[in-house]
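Below you'll find the structure, written out as structure tokens, and then a few comments.
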Amino acid sequence: MNFLLDALAYIFDPANWAANATSPAPLGDRILEHLEYTAIAAGAATLIALPLGFYIGHTGKGRQAVIGVTGAMRALPALGVLYFVTMVAGYQLPFLVAATVGSLIALTLLAIPSVLAGAYSGLESVDRQTIDAARANGMTEMQILLRVEIPLSLPLIIGGIRAAVLQVVATATIASFAGLGGLGRVIASGIGLNDFTVLLAGALLVTALALLLDAVFALIQKVTAVRLEADDTPVAEEASAAAGAAASGRGSE
Amino acid sequence: MLSRAAGVTTRLIPHMAPPLASWIALDKSKDEPTAMIEFRSVTKKFPDGTVAVDDFSLTMPSHETTVLVGSSGCGKTTILRMINRMVDATAGQVLIDGEDVANRDKVQLRRSIGYVLQAAGLLPHRHVVDNVATVPILNGTPKAQAREDALELLDKVGLDRSLAHRYPRQLSGGQQQRVGVARALASDPNILLMDEPFGAVDPIVRADLQAELGRLQSELGKTIVFVTHDIEEAFALADTVVIFRKGGKIAQKGTPAEILANPADEFVETFIGADKARRRLRLEQAAEGGTIVVDGDGRVAGVLDDDARSTRGDAVS
Ligand SMILES: Nc1ncnc2c1ncn2[C@@H]1O[C@H](COP(=O)(O)OP(=O)(O)OP(=O)(O)O)[C@@H](O)[C@H]1O
Ligand SMILES: [Mg+2]
């Protein structure tokens with residue numbers, strides 16, 4: 001219990017947020033770094049995986065291959081990928097840049113399967129009849145994608161991005177072992193200095209950040225789902241239709 | 001030739017455009033599309049080898065309702081979908097007003113043809129009014145205008161305007177079908193394809209919708225191709241009924257009266273229920289002196305109309 005209070009005290013100590021604070025502080029910088037890595041990796045993964053997922057979901061082509069590849073990618077140990085990519089990058093780039101670039105590439109690779117799965121399974125979940133009717137009405141394939149498939153599967157698409165973001169937040173933490181900044185640095189220096197207070201403070205901050213981001217995405221998901229969910233407005237069965245029909249002069253038959 | 005010359009004139013003398021344009025439009029109305037549909041030896045073989053339609057030929061006259069009936073799997077839907085190229089024929093031609101649909105742009109062709117399916121197929125994330133306005137908006141009609149037109153179409157198909165801002169799932173099945181019909185009519189197509197549109201609603205609502213469609217058709221005079229399993233529905237709506245036997249061959253084609261009076265063979269007889277007692281009507285004198293109509297089981301089917309009795313008395317007795 002003492003550890004926890006100490007850690008909280010560390011987090012809320014203004015000195016650890018000041019610009020001239022000693023490493024691993026200032027905490028604000030570490031949080032911003034962490035957010036930055038997350039945004040870059042999740043953003044890059046989204047840019048790569050969404051179009052691919054849309055293509056697969058819309059056409060049904062290449063589905064098996066992608067399921068296989070993403071399944072395998074998911075099974076890869078995050079730390080292994082991190083070190084491997086960082087080492088490969090290290091051959092080409094100066095050491096300091098190699099850590100950052102390598103880590104970001106690894107984080108992106110690890111985030112791709114979730115985004116991809118969300119996109120194609122989202123599109124696949126759209127009712128075939130609805131798509132068929134849209135096509136029969138003269139929508140082009142692009143219009144079907146943009147006006148029917150994506151809006152109807154938005155909650156699932158965002159769900160995929162949400163999972164990817166959480167994974168990046170978590171994995172970016174261990175990326176500090178490969179030389180990346182971010183909140184992992186706080187934990188790493190806690191371990192290095194044998195200082196449990198700092199270690200725990202870092203862990204708490206990462207957890208809080210993950211929960212916060214998750215909540216934001218949950219909210220976005222909910223907002224996009226609202227329009228698609230069943231609504232309880234009572235339906236006056238055929239009454240109004242019958243009334244309308246009577247009014248429009250069915251007496252003529 | 002004429003329109004090309006006119007086109008040149010229009011370009012040279014821009015201010016003449018409106019009167020010229022309307023003159024051309026008037027002139028064109030003489031050979032305005034009549035929306036006749038013609039199948040010429042059409043075959044459809046799906047990639048898996050299924051031959052759904054085999055050497056099928058049929059002309060569907062313009063401004064009339066042609067109803068395709070037949071047992072499940074005989075190729076009715078496939079035939080229907082070859083008209084708007086949702087399915088492409090493997091051999092033969094489908095012509096609209098003499099033009100092979102294979103030469104038409106798919107998207108433009110589909111926008112020019114109304115299509116109503118059994119499950120309505122409405123967009124679940126759009127309000128009723130926006131569903132109806134879909135095709136006009138795709139065709140470039142300004143949104144406000146398209147919505148305004150959509151509201152009028154709701155009136156036309158007997159739906160209260162208060163439903164316009166509901167989502168499809170907030171409507172009953174019958175109401176959804178009406179929206180489906182309104183949507184199909186929204187771009188004022190010459191051709192309306194209807195694939196078992198009333199198959200999923202209860203019999204009372206179905207009768208309502210059939211009556212409504214009959215009224216609409218007498219007003220609009222579209223070329224309607226209607227698919228159904230229900231022979232009563234076919235007889236109620238058709239100018240021409242086409243009865244398919246298994247394998248997609250035409251068993252008989254004719255007006256409801258022709259088919260009822262002269263079933264081509266035993267298959268048709270069974271299919272239309274001509275052998276059933278309820279189809280065999282006869283007249284009987286009621287105790288009070290009126291004439292009643294009785295079916296083969298002795299159930300009273302109705303009374304003979306006074307006018308009919310006086311004018312056709314000889315014929316029926
Ligand atoms: N996309 C497809 N691929 C392969 N076979 C198909 C396809 N669509 C239809 N078929 C087959 O073609 C045949 C005709 O199907 P179709 O849907 O036209 O029948 P239908 O007369 O409309 O039947 P129903 O009354 O049950 O709707 C069936 O044997 C069906 O299994
Ligand atoms: Mg069918």
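Each value in this text was obtained by applying a stated rule to the coordinates, not by laboratory testing. The model shown is predicted, which means the values in this text are computed figures rather than measured ones. Positions of Cβ are backbone-derived with ideal geometry, glycine not excepted, and every protein chain shown enters the neighbour counts.
Here are some notes:
- Long-range HN-HN contacts of B:Gln252 with modeled amide H, under 5 Å: B:Ile243
- Residues A:Gln64 and B:Asp239, FRET efficiency given R0 of 51 Å [Cβ-Cβ distance, rounded to 0.05]: 0.55
- Label-point separation, B:Lys143 to B:Arg279 (7 Å along Cα→Cβ), nm: 5.4 nm
- Computed over segment A:2-252, relative contact order equals 24 percent, with contacts defined as Cα pairs under 8 Å that lie 6+ residues apart.
- Selected from A:Leu152, B:Ile191, B:Ile204, residue furthest toward positive end of dipole (the protein assembly as shown; charges at beta carbon): A:Leu152
- Beta-bridge orientation, the protein assembly as shown: approximately 55 percent antiparallel, per DSSP, counting only bridges with both partners inside.
- For segment A:134-178, the Cα gyration tensor yields ellipsoid semi-axes of 38, 9, 4 Å (square root of five times each eigenvalue, largest first, whole Å).
- Distant-in-sequence amide contacts of B:Val116, defined by a placed amide H-H separation under 5 Å and a gap of 5 or more residues or a different chain, comprise B:Leu193, B:Met194, B:Asp195.
- Rg then Dmax, both in Å and based on the Cα atoms of the protein assembly as shown: 33.8, 116.
- Projected onto planes of every orientation and averaged, the convex hull of the alpha-carbon atoms in segment A:2-252 covers 20.7 nm².
- Computed over every Cα-Cα pair of segment B:162-299 and binned at 10 Å starting from 0, the pair-distance distribution P(r) comes out as 10, 31, 31, 19, 9, 1 percent.
- Given R0 = 30 Å, the distance between the Cβ atoms of A:Leu32 and A:Ala75 translates into a calculated FRET efficiency of 0.40.
- Stretch gain in nm, segment B:Asp305-B:Ser162, where the contour uses 0.36 nm per residue and the Cα spacing is subtracted: 47.4 nm
- For segment A:128-204 versus segment B:176-223, the gap between their alpha-carbon centres in whole angstrom: 47 Å
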